[in-house]
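Here is the structure we will look at, set down as C-alpha cells.
The values are calculated or read from the model by the stated rules, or taken from the named source; none is laboratory data. Model, not experiment: these values are computed from the prediction. Cβ: placed from backbone, ideal geometry, glycine included. Neighbour counts: every protein chain shown.
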C-alpha cells in the first residue's frame, strides 16, 4: 500500500455504520454531506498489528499528517454517537 506506518485514518466500526444509516433514514442528514467515524483515528501500524500483519516502523516525517482524517462534529450535532470508540476497543472485545 505504500502508507507510512504513523499515518492515521478515521475509522468506523460496522455496527456504528448501521446506526449512522438508521439516523440518515430519519431525514436528519438530508441535504448534507456528513462525515461519520469513531472518536479516535487509527494508525496504519495499529491496524496492521490488529490484523496480525507485520509492518516496519519508520522514523521519516509524515508529509500530510491530517490526510485520511475527517471532522465528525456535524454528525455529532445531528445525533450520531459511536458506541465503538476505537479499533483497540473493538479488538479487546473481539468485535473486529
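Test of understanding: among 50, 74, which residue is touching a strand residue (DSSP E or B) at 6+ places or on another chain (Cβ under 9 Å), over 13 Å from residue 12 (Cβ atoms) and not in a loop (DSSP other than H, G, I, E, B)?
After ruling out the rest, the residue left standing is 50.
Working carefully through the options 18, 40, find the one that is modelled with pLDDT of 95 or more and within 19 Å of residue 95 (Cα to Cα).
18
Going through the range 1-32 one residue at a time, which ones are free of Cβ contacts under 8 Å to residues at least 40 places away in the same chain, within 16 Å of residue 81 (Cα to Cα) and surrounded by fewer than 16 Cβ atoms within 10 Å (Cβ to Cβ)?
14, 17, 18, 21, 22, 25, 26
Consider residue 68 against the criteria (1) in a loop (DSSP other than H, G, I, E, B); (2) closer than 15 Å to residue 2 by Cα; (3) out of contact with any strand residue (DSSP E or B) (no Cβ under 8 Å at 6 or more places or on another chain): it satisfies all of them except one. Which criterion is unmet?
Evaluating residue 68 over (1) in a loop (DSSP other than H, G, I, E, B); (2) closer than 15 Å to residue 2 by Cα; (3) out of contact with any strand residue (DSSP E or B) (no Cβ under 8 Å at 6 or more places or on another chain) leaves (3) as the failure.
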